Amino acid sequence: MSHPPLHLTHPGQLPAPVTGDDSLQVLTDAIDSLARQRTAYWLGDSAVRLHALASLITQAQQILPQAVCDARDQELTWTQIGSSSAPPLPQQHATTGTTTHDQLDNDHPHNADERSSLGGA
């Protein structure tokens, strides 16, 4: 799958993090590889895949500070670093002005309101 080339919208601006088929394939391969290295009979075991994914997330969090130091050494500004490494912020609905949220998050106040309006707990 080919993606259009990334382009900077302002001089010095870095693109925001992007997810897609390419990054999903790399992550899936990494999960499978780690699971295979750590557990001989892992194929189809969702617990092993979940553990491998959690391990990779933790490892990424551990190496992020060094990546930030390396970026600062290359004279990137804090704004550039923040825009290239931060997850996207929740988007607001254009019509209601409310912030989107995870519909499966039962503790979110919007979900509680929705449940009560439907007669739920």
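The values are calculated or read from the model by the stated rules, or taken from the named source; none is laboratory data. Quick caveat, the model's predicted, so the values are computed rather than measured. Every residue, glycine as well, gets a Cβ built from its backbone with ideal geometry; the counts of neighbours run over all protein chains shown.
The number of residues in region 7-36 being modelled with pLDDT under 90 and either surrounded by 10 or more Cβ atoms within 10 Å (Cβ to Cβ) or β-branched (Val, Ile, Thr) (or both) comes to 9. Pairing residues of region 67-83 that are within 15 Å of Pro17 (Cβ to Cβ) with residues that are among the small types (Gly, Ala, Ser) and surrounded by fewer than 13 Cβ atoms within 10 Å (Cβ to Cβ), at Cβ distances under 6 Å and at least 6 apart in sequence or on separate chains, gives no pairs at all.
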